[in-house]
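Peer 1: Have a look at the structure that comes next, please.
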Amino acid sequence: MVVNGSPVPSAPSELPTSGWTSGEELAVESFSGEPGAPPIWEKVIKVIKLLVQEVINFRDQQFVEEFQKPVEEMSSFIQYQVPSIPTHLSKTPCSTSNYNKEACLQEISHGLQVYQVLLQHVKAEYPQSTLLPSVMRQTTVLIGLFKDKMKAAEVVEDLSSSERERVLGEVSTGTEWERKTSVHAILRELRHFLVDTKTALRAWGRRAKAGSNYDITMVGKGVRSGLE
């Protein structure tokens with residue numbers, strides 16, 4: 001079921017109002033080699049870059065073909081949301097200096113698992129899509145990469161069958177229009193979730209680098225003071 005007219009607490013405040021594709025393509029291009037992306041996250045960021053572009057391509061194609069509107073009018077659909085959409089990291093402590101890395105990795109992995117289930121609804125609505133299989137595959141790969149970075153990956157359990165049924169039940173019922181708009185909302189919010197995740201990784205890298213530079217500076221001061 002798609003909720004229409006309700007506030008969208010998980011949506012970033014700086015949502016674009018026009019020209020969706022062009023701006024996003026520029027953002028995608030900056031994923032690799034950007035300041036603040038530490039080597040430890042390089043492979044993860046590469047997968048995010050690929051997945052974001054695939055989600056954008058599928059979302060834009062679905063929007064134009066299904067609703068017969070140009071992508072520039074996509075912002076008019078922002079009021080449609082799916083109840084079980086995971087909270088964006090920009091709305092959590094993971095985007096602040098007080099973040100807990102392990103807890104944030106767990107939150108990212110859990111969120112991606114929810115999207116895995118939601119993508120099953122997308123598959124049911126578009127079984128012949130040539131773009132969707134790669135989106136689903138890369139989402140699974142990304143979950144594995146994040147779990148590899150955890151100290152206790154076993155804490156993030158797979159969704160139970162009842163949880164999966166609940167998530168799917170929220171989007172698989174309703175009219176054809178509601179099911180199609182739910183697909184659009186899922187793809188839109190997945191893209192936001194991935195971009196938020198990339199932003200968090202970049203911020204973590206900057207803070208780690210700043211901490212490393214501070215340690216080096218303090219060591220240097222210690223050496224100099226010993227020589228004076």
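The values are calculated or read from the model by the stated rules, or taken from the named source; none is laboratory data. Predicted model only: the values in this text are computed from it and were never measured. Positions of Cβ are generated from backbone atoms using ideal geometry, with glycine treated the same way; all protein chains shown enter the neighbour counts. What goes into the accessible areas is simple: the full protein's heavy atoms, side chains included, and nothing from ligands, DNA or RNA. Shrake-Rupley method; radii C 1.70, N 1.55, O 1.52, S 1.80 Å.
Peer 1: Looking at the range 84-99, I want the residues that are in contact (Cβ under 8 Å) with a residue 24 or more places away in the chain and have a partner that is in a loop (DSSP other than H, G, I, E, B) and loosely packed, with under 14 Cβ neighbours inside 10 Å with Cβ atoms under 8 Å, at least 6 apart or on another chain. Which pairs are those?
Peer 2: Taking only residues 6 or more apart or on different chains, the pairs are T87/P9; K91/P9.
Peer 1: When you scan the range 12-21, do you find a residue that is at pLDDT 55 or above and at positive phi, even just one?
Peer 2: For the range 12-21, residues at pLDDT 55 or above and at positive phi: absent.
Peer 1: While we're here: Please tell me if S162 is over 17 Å from E107 (Cα atoms) and open to solvent by 30 Å² or more (accessible area, probe 1.4 Å).
Peer 2: yes
Peer 1: Whether any residue in the range 70-88 is surrounded by fewer than 19 Cβ atoms within 10 Å (Cβ to Cβ), under 15 Å from the mean Cα position of the chain (by Cα), within 28 Å of S160 (Cβ to Cβ) and not hydroxyl-bearing (S, T, Y) is what I want to check.
Peer 2: Among the residues of the range 70-88, not one is surrounded by fewer than 19 Cβ atoms within 10 Å (Cβ to Cβ), under 15 Å from the mean Cα position of the chain (by Cα), within 28 Å of S160 (Cβ to Cβ) and not hydroxyl-bearing (S, T, Y), which makes the answer no.
Peer 1: When both residues are 6+ apart or on different chains and their Cβ atoms are under 6 Å apart, which pairs have a first residue that lies in the range 113-139 and is in contact (Cβ under 8 Å) with a residue 40 or more places away in the chain, and a second that is part of a helix (DSSP H, G or I) and small (G, A, S)?
Peer 2: H121/S172
Peer 1: Here is a further query. Quick test of your reading of the structure: S76 fulfils all but one of (1) modelled with pLDDT under 95; (2) within 16 Å of A200 (Cα to Cα). Name the failing condition by number.
Peer 2: Of (1) modelled with pLDDT under 95; (2) within 16 Å of A200 (Cα to Cα), only one is false for S76: (2).
Peer 1: Which count do you get for residues in the range 40-92 that are among the charged types (D, E, K, R) and either closer than 24 Å to S172 by Cβ or touching a helix residue (DSSP H, G or I) at 6+ places or on another chain (Cβ under 8 Å) (or both)?
Peer 2: The number of residues fulfilling the criteria is 9.
Peer 1: Right, next: Filter the range 156-199 down to the residues that are touching a Ser or Thr at 6+ places or on another chain (Cβ under 6 Å) and in a helix (DSSP H, G or I) and list them by number.
Peer 2: V167, E170, V171, D196
Peer 1: Name every residue in the range 170-210 that is under 27 Å from V44 (Cβ atoms), of a type in the set (V, I, T) and buried (at least 23 other Cβ atoms within 10 Å of the Cβ), in order of residue number.
Peer 2: Those that are under 27 Å from V44 (Cβ atoms), of a type in the set (V, I, T) and buried (at least 23 other Cβ atoms within 10 Å of the Cβ): V183, I186, T197.
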